[in-house]
Amino acid sequence: MKHFLKETDFTQNEAAEVLALARDLKQERGRNTPAVLKHQTWAMIFSKSSTRTRVSFEVGIHELGGNPLFLNKNDIQLGRGESIGDTARVLSRMVHGLIVRTYDHAEVEQLAELGNVPVINALTDFLHPCQIYADAFTLAERWTPPGGDLLASLKGRKIAFLGDTACNMANSWILGANLFGMEISLAGPKGFEPSAEFNTLLAAESKRLGLPGKYQFTTDPYEAVKNADVVYTDVWVSMGKEDEAAERIKTMSPYSVTAQLFAAAKPDAWFMHCLPAYVGKEVTQDVLDHPRSIIFDEAENRLHAQKAIMAVLAQQPRG
């Protein structure tokens, strides 16, 4: 049974197929969308609040012919102490897939291991793979000629990730950049380097798939954005870290993406942010409104990329 818990759960060839399918599904939307989830119900277990993730998955399941079943963790027995194993076994007998947005990455791993339906990681504190595929698709749309190879257009491009370089988005972009053949440079405060846990995962996945397993880390934001094709940032205070807000804002303020910093990237660089954005903290309003800001395109593309991921997973034999 194949799951999508991290970017590298798809090989490079499979990632190319997912991006191509996302393009087809986007072009066909409302006209000839394949009902690959017909007669299927996919459960969405959310421990964290959400706008883009919840709406894109619910709409996507519906458009693929399926039925989305939203389950707030506190509304089911999982929130009252039922084991993850029992939850996985019970739901596997009733639904056709699980989409999980939670804190602990181990939860999605256990649900995948103990159930027998596809599990999609809709975000954990460790990784956010659906966002990365949507982001990659958003960039590839701009760099690929009509009918061209979307994945090939990403190879050799440089992304600069600024701010909290130990967060789930930074981890995911490192994995994604290595999978897509991109270069990635991170700029953040000393002490916010990617964790030992993540570096162990990166080394293992790189060895398994034959990837370079590389990234650059610097405390100088201008060094990171030099020659960058993409400038990316995320919130400095993620859900669950609110008690650290004041210290994080103080520590990360030199890494705010201002117009001056964005201008230090390539002249045709794109600005990206997975949203929600906090103006005046990780990014200024003039950058969010910049003509080369594509934040709302990447938000929309969550729908198309996730439909492609679900379509690929749904067509495998049930375990």
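Out of all the residues in the stretch 149-181, which are of a type in the set (Lys, Arg) and touching a strand residue (DSSP E or B) at 6+ places or on another chain (Cβ under 9 Å)? The answer is Arg157, Lys158. Within the option set Lys48, Lys26, Lys38, being more than 23 Å from Asp297 (Cβ to Cβ), within 19 Å of the chain's Cα centre (by Cα), surrounded by fewer than 19 Cβ atoms within 10 Å (Cβ to Cβ) and not assigned by TED's automatic domain parsing to the domain that holds Pro276 holds for one residue only, Lys48.
One line per residue, one yes/no per condition, for (1) closer than 20 Å to Cys130 by Cα; (2) among the aromatic types (Phe, Trp, Tyr):
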position	(1), (2)
Glu223	no, no
Val237	no, no
Asp243	no, no
Phe262	no, yes
Pro267	no, no
Trp270	yes, yes
Pro276	yes, no
Thr284	no, no
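Here Lys214 fulfils each of the conditions (1) under 17 Å from Glu183 (Cβ atoms); (2) touching a Pro at 6+ places or on another chain (Cβ under 7 Å) apart from (2). Under the condition of being of a type outside the set (A, V, I, L, M, F, W, C) and crowded, with 21+ Cβ neighbours inside 10 Å, which residue from the stretch 257-284 is nearest to the chain's Cα centre (by Cα)? Once the filter is applied, the top-ranked residue is His273.
Hey, can you tell me all the residues within the stretch 30-47 that are of a type in the set (S, T, N, Q) and at pLDDT below 90?
Our first condition is that a residue be of a type in the set (S, T, N, Q); within the stretch 30-47, this holds for 32-33, 40-41, 47.
Residues satisfying the conditions are Asn32, Thr33.
Residue-level check: of (1) modelled with pLDDT under 95; (2) under 19 Å from Phe198 (Cβ atoms), Ile249 misses just (2).
Tell me which residues, restricted to the stretch 3-29, are more than 16 Å from Pro146 (Cα to Cα) and modelled with pLDDT under 95. Within the stretch 3-29, Arg29 is the sole residue that qualifies.
When the stretch 203-245 is limited to residues that are exposed (fewer than 13 other Cβ atoms within 10 Å of the Cβ) and among the basic types (Lys, Arg), the one that is nearest to the chain's Cα centre (by Cα) turns out to be Lys214. Is it true that Leu123 is over 22 Å from Thr11 (Cβ atoms), touching a Lys or Arg at 6+ places or on another chain (Cβ under 8 Å), of a type in the set (A, V, I, L, M, F, W, C) and free of Cβ contacts under 8 Å to residues at least 40 places away in the same chain? Answer is no for this residue.
The values are calculated or read from the model by the stated rules, or taken from the named source; none is laboratory data. What you are looking at is a predicted structure, and each value in this text was computed from that prediction instead of being measured. Reconstructed Cβ throughout: ideal geometry from the backbone, glycine too, with neighbour counts over all protein chains shown.
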